[in-house]
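Read the structure below first, then the notes.
The values are calculated or read from the model by the stated rules, or taken from the named source; none is laboratory data. Predicted, not measured: the structure shown is a model, and the values here were computed from it. The accessibility values were calculated without ligands, DNA or RNA, using every heavy atom of the protein model including side chains. Shrake-Rupley method; radii C 1.70, N 1.55, O 1.52, S 1.80 Å.
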Amino acid sequence: MNLAGEVNIAAPLQRVWAVLNDPEILARHMPGCESLQAIGPDEYAAVLKIGVAAIKGTYKATLRISDRVEPTSYRLHVEGSGKPGFVKGAGSVELQEQDGGTRLIYHGDLQVGGLIARVGMRLLGGITERMTREFFEGLAGEATAG
């Protein structure tokens, strides 16, 4: 499953970069996030409660940031599993200055397997897109509020 989009944020690039690198802010806006703990440099353990239709479950995941180019981009890698299945993916976030604000561009590739994929595949694409959009809109709100 591919995810891509962009969000225009009425905040300076440095502020948006700071928000994207603050684990507490990320945890607040990550759908279903129950915890996000640093386990090493640019590496985090997360517990997420996510569901599609009647298939709900808790996932334990590892998130890792790589290819960091401060203050404009990085790659994010995620791997997680739980009773309903597994998720594995990678994506990139790029920031560009634009008219006194910041354009955030994201691209990602996500693999989902197990029961959640078999039962909820038709719904999964739309739900994932909505959750991703809500996540980045939440981060945009944090950046403009600061």
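Per-structure values
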| read-out | value |
| --- | --- |
| Candidate aspartates and glutamates for bridging to Lys88, where Cα separation is under 12 Å - those fewer than 8 sequence places away on the same chain excluded | Glu79, Asp109 |
| Heavy-atom accessible area ranking, 1.4 Å probe, most first, across Leu36, Leu139 | Leu36, Leu139 |
| GNM result for the chain, Cα springs below 10 Å: residue of Ala54, Ala18, Ala46 fluctuating most strongly | Ala54 |
| In Å², nearest 10: area of Ile50 left accessible to a 1.4 Å probe | 50 Å² |
| Backbone HN-Hα couplings from phi across the stretch 15-26 [Karplus 6.51/-1.76/1.60, Hz, Gly and Pro as x] | 5, 5, 4, 4, 4, 5, 10, 9, x, 5, 5, 4 |
| Accessible area (Å², 1.4 Å probe, nearest 10) - Asp42 | 50 Å² |
| Percent accessible area from carbon and sulfur atoms, the chain, protein chains only, probe 1.4 Å | 51 percent |
| Per residue solvent-accessible surface (Å²) - the stretch 1-102, probe of 1.4 Å | 55 Å² |
